[in-house]
Amino acid sequence: MNFQISSLKEYQETYKKSIENPSEFWDEVASHFYWREKWEKTFEYDWSIPETKWFIGGKLNITENCLDRHLETRGDQTAIIWEPNNPKDTVIHVTYKQLHSKVCQFANVLKNNGVVKGDRVCIYMPMVLELSIAVLACARIGAVHSVVFAGFSSTALAARINDAECKILLTADGGFRGDKITPLKDIADEALKTCPSIQKSIVYQRTKQNVFWNNKIDVWWHDELRKVDDNCPAEVMDSEDMLFILYTSGSTGKPKGMVHTCGGYMVYATYSFQNVFQYKQGDVYWCTADIGWITGHSYIVYGPLASGATTVMFEGVPSYPDFGRFWEVCEKHKVNQFYTAPTAIRALAKHPTELVNKYDLSSLKVLGTVGEPINEEAWHWYDDNVGKNKCPIVDTWWQTETGGMMISSLAGVTNDKPTFATLPLPGIQPVLLDNNGEEITKQKAEGILAIKHPWPSLARTIYGNHERYKNVYFSAYPNHYFPGDGALRDENGNYRITGRVDDVVIVSGHNLGTAPIENAINEHEKVVESAVVGFPHDIKGNALCAYVITYDNVDESTDLINEIKQIVSDFIGPIAKPDKIIFVSGLPKTRSGKIMRRILRKIASNDVTNLGDISTLLNPNVVEEIINSFK
Ligand code: WT7
């Protein structure tokens, strides 16, 4: 496959061509893949419906691109290096041939358990090799995978299973994370009490702990494997058939099941992977994300494997057995491209640089970040200590919804600039809009980020709720895709993402809607109402502050604070627990009853000098009271 841009000039020319003649540009890119049948039309869209289609009429199976295609050329090359949570455990190197065989075999297990094309399969697993195998096995037979991050609670898992009406659950007895074990089977059992669509639960044995067994639905992964062979022809999929659903938090209501389709997603995840990271054959690439997030889907599994790369999959956490773990793994596997999140960098930067310096990091060529804006200090720490000032840093801006990286430098090809995601990838047309939705044409400007033209891996809908898809992404600014972020642009056209402009807070790189957290808190019998906002936090980027109104005569005790934290943890997961809980008698509201989160954010951030005009509030006095309760 050769669509790697190798100079700044080539980037400029390619970008220009991709905008002037998108059909020709994307036809060329897509021609590097293996299609069972070629597409008839490159794309078609109408964002008033909204509807977007790519490589229309094309037939393919993404696993033939990720696996079969490599068998002759690099069958014995390592596809995945699996690094265990505990460094004393055994590393697994799985070649393309072996991975092909394992995926086909597990695809047959799925078939044996009644899964057919179009069925939804929920995957709630730790970062074991079998998680990648499961994802690919679904794709092999045209089943739609819905991976749920193994840190989510049983309530969150059940909501996702039910929303997509999944037929099968793939889980494990437990998962290792640092010195802890997550009791995944217990959590799943709890969830399944309210999930009538699940017919079978296939359980992978990882921790070997005792688990409850329901003979009606539970089967062991290893028992099922014995019943099948590894011969499984790929299902021929239409380019616009569903490949997967992945849930992301919204600012209101339940999580949004973003739907990605086969053809466009494959093309864009792979194209962006190769260009941003400048992956060269034989390189070892490592993305530290979990496959429970889009980063893992696109840049641990699909993008790298479709490129014939060697991709590292890491079961553990950056802090175990100590804060040098990432660098130990980089040294051990001679990692060339390393991709992580700003929150991890900030956490690691708190520890002595000795923990970095004791490892040989000379194999590193490219560093990357994703998930939230990276602050200047963290950027320089990364550049100085990890990259030794010789590795370009790609700051990649994108979303679950975009499927692939949208704004980023191309490592060593276009320039990077601390705290800037920099330039759009070919085919991506970002614009800045003012508050009236008018495009700001001045080069140096700040505004609302929007995208003007479709690209292949845009999520096509929210599963089961196209109306919501339209409202959230295509209604505020007609004819644009609205990602929910603000940005500024410098005199050279570089973009810097300034943060969310809606009620989503990015905590440790996790996208958390404030509304579902408020809903959870409001479930507590002593709570009348609550408002959750983000405030800046040294390591997490943002942390959450909950303002809570309780019923009269309620004892606003530490116990209550802990109960509220627990309820959030139960409903959503430990990642959503607020750092601060402040009891108040009222919340600042507009006359129409809308909570003024801007004010609450400022107070939580200890920035009360300029709260703006509060005289129009329904209850201006409450502001003073809230400020005082912080003192
Ligand atoms: C939101 C999307 C893309 C995978 C991880 C998060 C923020 C993401 C950056 C970046 C500044 C960033 C945005 C975006 N974000 N990358 N490089 N610089 N902000 O996926 O959970 O869908 O969250 O993450 O606010 O909208 P996600």
Sort out which residues of the range 386-403 are more than 6 Å from the ligand (Cβ to nearest atom) and without any contact (Cβ under 8 Å) to a residue 40 or more places away in the chain, and write them in order of number.
Gly387, Lys388, Asn389, Lys390, Cys391, Pro392, Ile393
For the range 255-317, which strands (runs of 3 or more DSSP E) that fit wholly inside it have 1 or more residues that are surrounded by 24 or more Cβ atoms within 10 Å (Cβ to Cβ) and of a type in the set (S, T, N, Q)?
256-261, 310-314
Residues being assigned to a loop (DSSP other than H, G, I, E, B), within 16 Å of the ligand (Cβ to nearest atom) and closer than 27 Å to Arg69 by Cα: count how many of those fall in the range 215-250.
0
Residue pairs meeting the criteria (Cβ under 6 Å; at least 6 apart or on separate chains; first more than 22 Å from Ser272 (Cα to Cα), in the range 457-476; second outside any loop (DSSP other than H, G, I, E, B) and among the polar types (S, T, N, Q)):
Tyr469/Thr461
Only residues that are within 10 Å of the ligand (Cβ to nearest atom) and on the phi < 0 side of the Ramachandran plot: list them for the range 475-490, please.
Pro483, Asp485, Gly486, Ala487
Return the only residue of Ser363, Ser307 being over 24 Å from the mean Cα position of the chain (by Cα) and closer than 20 Å to Val413 by Cα.
Ser363
Hey, which of the helices (runs of 4 or more DSSP H) in the range 22-79, taking only ones fully inside, have at least 1 residues that are at negative phi, in contact with a Leu (Cβ under 6 Å, 6 or more places away or on another chain) and of a type outside the set (Asp, Glu)?
62-66
Tell me which residues, restricted to the range 433-456, are crowded, with 23+ Cβ neighbours inside 10 Å and out of contact with any strand residue (DSSP E or B) (no Cβ under 7 Å at 6 or more places or on another chain).
Trp455
When Leu192 is run through (1) surrounded by fewer than 20 Cβ atoms within 10 Å (Cβ to Cβ); (2) hydrophobic (A, V, I, L, M, F, W, C); (3) touching a helix residue (DSSP H, G or I) at 6+ places or on another chain (Cβ under 8 Å), the failure sits at (1)
Filter the range 413-425 down to the residues that are assigned to a strand (DSSP E or B) and either away from the ligand (no atom under 12 Å from the Cβ) or touching a Cys at 6+ places or on another chain (Cβ under 9 Å) (or both) and list them by number.
Lys417, Pro424
Check the range 216-226 and report whether any residue there is among the acidic types (Asp, Glu) and either closer than 22 Å to Tyr96 by Cα or in contact with a helix residue (DSSP H, G or I) (Cβ under 7 Å, 6 or more places away or on another chain) (or both).
yes
Those residues of the range 426-437 which are modelled with pLDDT of 95 or more and not in a strand (DSSP E or B) amount to Pro426, Gly427, Ile428, Gln429
Look at Ser409 and say whether it is within 15 Å of the ligand (Cβ to nearest atom) and either in a helix (DSSP H, G or I) or of a type outside the set (A, V, I, L, M) (or both).
yes
For Glu377, state whether it is within 16 Å of the ligand (Cβ to nearest atom) and not in a helix (DSSP H, G or I).
no
Hey, could you check the range 107-139 for residues that are under 23 Å from Ile462 (Cα atoms) and of a type in the set (D, E, K, R) and say which is surrounded by the most Cβ atoms within 10 Å (Cβ to Cβ)?
Arg120
Mind checking which residues of the range 574-631 are part of a loop (DSSP other than H, G, I, E, B) and acidic (Asp, Glu)?
Asp579, Asp607, Asp613
Quick one: is Leu355 within 16 Å of the ligand (Cβ to nearest atom), in contact (Cβ under 8 Å) with a residue 24 or more places away in the chain and of a type outside the set (Asp, Glu)?
no
From the residues in the range 481-499 that are assigned to a strand (DSSP E or B) and touching an Asp or Glu at 6+ places or on another chain (Cβ under 6 Å), which one is farthest from Pro456 (Cα to Cα)?
Leu488
A careful count of residues in the range 352-374 that are surrounded by 14 or more Cβ atoms within 10 Å (Cβ to Cβ) and either touching a strand residue (DSSP E or B) at 6+ places or on another chain (Cβ under 6 Å) or outside any helix (DSSP H, G or I) (or both) gives 14
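The values are calculated or read from the model by the stated rules, or taken from the named source; none is laboratory data. Everything numeric here is computed off the predicted structure, so don't read it as measured data. Using ideal geometry, Cβ is built from the backbone for each residue, glycine included, and neighbour counts are taken over all protein chains shown.
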